[in-house]
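Trainee: Below is a structure I'd like to ask you about.
The values are calculated or read from the model by the stated rules, or taken from the named source; none is laboratory data. What you see is a predicted model; the values in this text were computed from it and never measured. So basically every Cβ, Gly included, is an ideal-geometry build from the backbone, and we count neighbours across all protein chains shown. Ligands, DNA and RNA are excluded from the accessible area calculation, which covers all protein heavy atoms including side chains. Shrake-Rupley method; radii C 1.70, N 1.55, O 1.52, S 1.80 Å.
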Amino acid sequence: MKKQITTLTIAVVAFTVGLGFNNFAMSDIPANYKVAVVDVNAVVSKSAQVQALKKEQQAKLQELQKWLETVRADVQKQSTKEGKEKLVKKYDAEFAKKQETIKKDYAKKLQAIDKSISATITAEAKSKNYDLVLSKGIVLYGGEDITANISKIVK
C-alpha cells in the first residue's frame with residue numbers, strides 16, 4: 001500500500017513539474033507574434049506550373065503507349081519463338097530505360113516547382129512580417145490563412 005502511494009505521489013509531482021515547464025516555455029512568445037497558415041495542397045493543385053507538368057507527363061505517357069503498340073506489332077511479326085523472346089528482352093530493357101527517364105524528369109521538375117512555391121511562401125511571409133508559417137493541415141485553430149495570396153502569386 002505504501003509503495004502505491006509513493007508511486008502515485010511521484011506521478012503527480014512529475015505531472016505538475018511537466019505542466020509547469022510547458023507553461024514556462026509558452027510564456028516567452030511575444031504578444032505580437034504573427035502566425036500564418038497555408039493550404040499547400042490547394043496552392044499546388046491550382047498552380048499553372050503543376051497543371052502544365054501534368055499535361056506534359058500525360059503526353060509522354062501517351063507517347064510511351066504508342067511506342068508499346070509499335071513494339072507489340074514488331075514482336076508479332078517475328079516468326080520464331082527465339083526471335084520473339086530476343087526482341088521482347090530488348091524492348092523490355094528499352095521500356096525500363098524510357099520509363100525511368102520519364103520518372104526522373106518528372107521528379108526533377110516537380111522538385112523545382114516545390115522549391116519555387118516554398119520560396120514564394122517564404123518571400124510572402126517575410127514581406128507581411130509573419131514570424132511563423134504552418135501547413136494548414138496540421139493547424140486546428142488559429143493563424144491567418146494566406147493560401148489565397150500565395151495562390152495568386154504562384155499562378
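Trainee: Once Lys and Arg get +1 and Asp and Glu get -1 on their Cβ, which of Leu132, Ile121, Ile153 lies farthest toward the positive end of the dipole of the stretch 112-155?
Mentor: Looking along the dipole axis, the top candidate is Ile153.
Trainee: Residues with amide H under 5 Å of Glu144's amide H, sequence separation 5 or more or different chain, H placed in the peptide plane at 1.01 Å from N; which?
Mentor: The list, which skips near neighbours in sequence, is Val35, Ala36, Val37.
Trainee: Another question about this same structure. State the Cα centre-to-centre distance between the stretch 35-109 and the stretch 130-155 in whole Å.
Mentor: That distance is 34 Å.
Trainee: Top to bottom by accessible area (1.4 Å), largest first, where do Asp92, Asp145 land? Could you put the intermediate results ahead of the total?
Mentor: On the way: Asp92 95, Asp145 70 Å².
From most exposed to least exposed: Asp92, Asp145.
Trainee: Under a straight-distance cross-link criterion of Cα-Cα below 20 Å, which lysines are reachable from Lys109, leaving out those fewer than 8 residues away in the same chain?
Mentor: Lys46, Lys54, Lys55, Lys60, Lys97, Lys98, Lys155
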